[in-house]
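Each remark here refers to the structure printed beneath this line.
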Amino acid sequence: MSEELKAAVAAGVVGSQETFRELLQSVVDVARAIFSAQASSIFLLDEENDELVFEAIAGPGADTLIGQRFPSSTGVAGWVLVTRQPLVIEELEQDPRFAREAAESTGFVPKGLMAVPLLHEERALGVLEVLDRPQQAAFSLKEMELLGLFASEAAIALDLLQKARLARAVLEDEGTEATALARLAQRLSDAEPEQQEAAERLIRAINDFLAS
């Protein structure tokens, strides 16, 4: 692959990553606003290193915590990831799953939170948290349904972000397979839903082939 072509395709992959990151950021921004919360965050599961990584943050730490990592079993986020169950805790200090030391390392120690797993095609991709919402009323079923909708949107964006990053990594190997993956990742964000589904199936098939 020529350096010119490689640079052009790489630019497309980077553009796709930025699009998906912007979508993740919009999810946490809106979730924070809707629930009148102090903060909201999205964690990505790094399966290779078995860690949760801050991918998007609205509120305290937004400028400093992106990319920070901790073991995937840590705290409430780790529990939600492993069990794949949403969780609402009004008084974190009273909950044994709360990892205060990890919270202190971020510079923000919440009093309560809502957390939901980000699931896509039977895979647990990460966790969405909404921190310190007003405790004026008990958590309602309607709020849980709304949180689930936020999680669905975040899971789709997180899945596409992972695919774009994979395409970029393969692209750096300069093989012909890299061109195919990168072009697909570049066009996913602009494709119709049916085209996105077909492209995702093809990417998975290519990944399986390369791994065999």
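The values are calculated or read from the model by the stated rules, or taken from the named source; none is laboratory data. A quick note: this is a predicted structure, and the numbers were derived from the prediction, not measured. Cβ sites come from the backbone with ideal geometry, for glycine too, and all protein chains shown count toward neighbours. Side chains are part of the model used for accessible areas, which takes the heavy atoms of the whole protein and leaves out ligands, DNA and RNA. Shrake-Rupley method; radii C 1.70, N 1.55, O 1.52, S 1.80 Å.
Matching residues to (1) part of a helix (DSSP H, G or I); (2) open to solvent by less than 20 Å² (accessible area, probe 1.4 Å):
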{"residue": "41", "(1), (2)": "no, yes"}
{"residue": "45", "(1), (2)": "no, no"}
{"residue": "88", "(1), (2)": "no, no"}
{"residue": "108", "(1), (2)": "no, no"}
{"residue": "111", "(1), (2)": "no, no"}
{"residue": "147", "(1), (2)": "yes, yes"}
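Scan the stretch 55-94 for residues that are touching a strand residue (DSSP E or B) at 6+ places or on another chain (Cβ under 6 Å) and hydroxyl-bearing (Ser, Thr, Tyr) and jot them down.
72
Starting from the stretch 96-108, take each residue that is of a type in the set (A, V, I, L, M) and list its partners that are part of a loop (DSSP other than H, G, I, E, B), counting only C-beta distances under 8 angstrom and pairs at least six apart or across chains.
99/74; 102/74; 103/109; 103/110
Every residue, every condition in (1) surrounded by fewer than 17 Cβ atoms within 10 Å (Cβ to Cβ); (2) at pLDDT below 60; (3) over 22 Å from the mean Cα position of the chain (by Cα); (4) not in a loop (DSSP other than H, G, I, E, B), yes or no:
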site	(1), (2), (3), (4)
115	no, no, no, yes
125	no, no, no, yes
130	no, no, no, yes
135	yes, no, yes, no
158	no, no, no, yes
170	no, no, no, yes
178	no, yes, yes, yes
181	no, yes, no, yes
204	yes, no, no, yes
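Would you check if there is a residue in the stretch 93-109 being β-branched (Val, Ile, Thr) and under 24 Å from residue 158 (Cα atoms)?
Scanning the stretch 93-109 turns up at least one residue that is β-branched (Val, Ile, Thr) and under 24 Å from residue 158 (Cα atoms).
Among the numbered conditions (1) open to solvent by 50 Å² or more (accessible area, probe 1.4 Å); (2) part of a helix (DSSP H, G or I), tell me where residue 31 comes up short.
(1)
Does residue 37 qualify as being open to solvent by 30 Å² or more (accessible area, probe 1.4 Å), out of contact with any helix residue (DSSP H, G or I) (no Cβ under 6 Å at 6 or more places or on another chain) and in a loop (DSSP other than H, G, I, E, B)?
Against the criterion (open to solvent by 30 Å² or more (accessible area, probe 1.4 Å), out of contact with any helix residue (DSSP H, G or I) (no Cβ under 6 Å at 6 or more places or on another chain) and in a loop (DSSP other than H, G, I, E, B)), residue 37 does not qualify.
Restricting to the stretch 47-77, give me the number of residues that are touching a residue at least 40 places away in the same chain (Cβ under 8 Å), open to solvent by 20 Å² or more (accessible area, probe 1.4 Å) and within 16 Å of the chain's Cα centre (by Cα).
0
Answer yes or no as to whether residue 52 is touching a strand residue (DSSP E or B) at 6+ places or on another chain (Cβ under 8 Å), under 25 Å from residue 162 (Cα atoms) and modelled with pLDDT of 95 or more.
Working: touching a strand residue (DSSP E or B) at 6+ places or on another chain (Cβ under 8 Å): yes; under 25 Å from residue 162 (Cα atoms): yes; modelled with pLDDT of 95 or more: yes.
So residue 52 passes the test.
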